[in-house]
1. Where the centroid of each part is defined by its Cα atoms, how far is segment 42-72 from segment 382-440 in Å?
2. Which order do peptides 137-149, 231-243 fall in by mean Cβ count within 10 Å, highest first?
3. Given a cut-off of under 8 Å on Cα pairs at least six residues apart, what relative contact order in percent is computed for the chain?
4. How do the peptides 53-63, 270-280, 249-259 rank, highest first, by the average count of neighbouring beta carbon atoms within 10 Å per residue?
5. Under the classification rounded if a/c is under 1.5, otherwise prolate if a/b is larger than b/c and oblate if not, where does segment 306-371 fall, given a ≥ b ≥ c as square roots of the Cα gyration tensor eigenvalues?
6. Could you work out the relative contact order of segment 146-295, using alpha carbon pairs under 8 angstrom and six or more residues apart, expressed as a whole percent?
7. Compute the Rg to Rh ratio over the chain from the alpha carbon atoms, using the Kirkwood formula for Rh, and round to two decimal places.
8. Quick check on segment 154-223: take the gyration tensor over C-alpha atoms, sort the square-rooted eigenvalues as a ≥ b ≥ c, and tell me if it's rounded (a/c under 1.5), prolate or oblate.
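Values quoted throughout were computed directly from the atomic coordinates according to the rules given, and no laboratory measurement underlies them. These numbers come from a predicted model, not from an experiment. Because the Cβ atoms are built from the backbone with ideal geometry, glycine has one as well, and the counts that use them run over all protein chains shown.
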Amino acid sequence: MAEWDYRAFWEESIRQLRSELGEQDFSIWFNKLEYSGGTEKSVIIVVPSNFYRDEIIKRYQNSIENKIKELSGRELTVFFEVAPKKAETEPSEEENSGNISKEGAKKAVNAPDRKPAGNVKPALDNTIPPVKKPRHPHLREDYSFSKYVIGENNLFAANAALAIGKNPGVTSYNPFLIYGGVGLGKTHLMQAIGNYIYENSDIRIIYMSAENFTNDFIEALHEQKMTAFRNKYRHADVLLIDDIHFLEKKDGTQEELFYTFDELYHAKKQIVFTCDRPVSELRNLTERLKSRFEWGLKVDLQPPDFETRCAILKKKCEDKKVKVPDDVISLVANKISTNVRDLEGALNTLVAYSELVGKPVTLEIAQQQLKDVFFPKQLSMSLETIIRIVAEDFHLSPNDLKGKKRTSTIVFPRQLAMYIAREITEYSTTEIGQTFGGRDHTTVMYSCQKIEEQLRSNPALDSTIESLKRIIKEYSAKT
Ligand code: ADP
Ligand code: MG
């Protein structure tokens, strides 16, 4: 196959991503990527290590592919290839753990059924030795029991989950409801049940977020494919529905899930739900569905204690094959106590940094790199000031600027406030978007662009902006 040269598209894509992501994220994740070649439908990029590859795939593959599509007009799959380590003499475990060769990439690209669901791309499919079952289309392989650390906080939940994995549908744990705050391991545990059953039997497992279940339902309704939809869900042997709080106010979906539930339950099929709070606290959910959710066993996942947090961090290091000294583990476990996802995020930042600079993680590096996590900026404070002062100047309320109304009397001051926020603070477009009523970072970028355009055609705007900036700065200096 001829080589395809996408270097120019790649370079322009990362140039644009650089301004969208900000320097910090960019320097951690993008500085060590190198364009290596292309095929008709793929771009191949070399990364320094397995860790990098996995993180880049998780974090940025979609954005990179979208950007390349935007620029080149082509749907290209980006493959990340780990740079060979020169010093190694033995074949490294990288060779069978996902380090995909160019040939491999081409094969995967040309395979007829090459687009698996979810964010895991064919690059990872190559990690599977040929004898093993193909991965389940909905489940993340790393969400397994063997990677789930058990502590006081989740002992009961994990044991119940394992019992269900061993005997789906036949224990009294049906339905099984796992609830608790974000990042505490609900999805991991639910998928561990799915993975365990998938490895040990051939029964039909469906894992779906409540959001995707809803979308699937709406699509089936629109396309008049309800029979196919019902066949899919009502013939499952194990149905795992994640984040049922999402179903609040979705009456039609609730009703459909109610009938699905009844059919599966009476056929003794295993059903598992997760929710971010006790079901009794869900307000916009029908009583009959609430009662079904609570029919079987409910378990509450609590935040892990210090020892468990350390054990989780050590386990993650082991899984990623990275070395992090105990004092650093204790520091991170000490400072981040309420959310395992944040714990893991902090560890990833450290490992990425240490790979980037080629030095081991030390206590000093950890303190320096995680200072924003340990001592969060007074984020909303000064952004709130900007919003308030700009709103006042236009005789509006801060809520007008944060709200959804799109009348021109509001849109312009809103864009102006975002522009000023970008100019005079260090906040990222994501953070600014968050404060402006949970908007996307692209909206902030668009707003800044709009103001820049207006500045070119209307130089008088400049003095309005300067005077607002001065008032904001004076006010901030006083407080
Ligand atoms: P939730 O669904 O409750 O928001 P997740 O299941 O997505 O949380 O977990 C967030 C992250 O924390 C995942 O990467 C998961 O692997 C990890 N995690 C949570 N609890 C544990 C645990 N007990 N052992 C290992 N990893 C965990
Ligand atoms: Mg979850």
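1. For segment 42-72 versus segment 382-440, the Cα centre distance is 32 Å.
2. By packing density, highest mean first, the sequence is 231-243, 137-149.
3. That works out to 11 percent.
4. Listed from highest to lowest mean packing, they are 270-280, 53-63, 249-259.
5. Verdict is prolate for segment 306-371.
6. This gives 31 percent for segment 146-295.
7. Using only Cα positions, Rg/Rh for the chain is 0.99.
8. oblate
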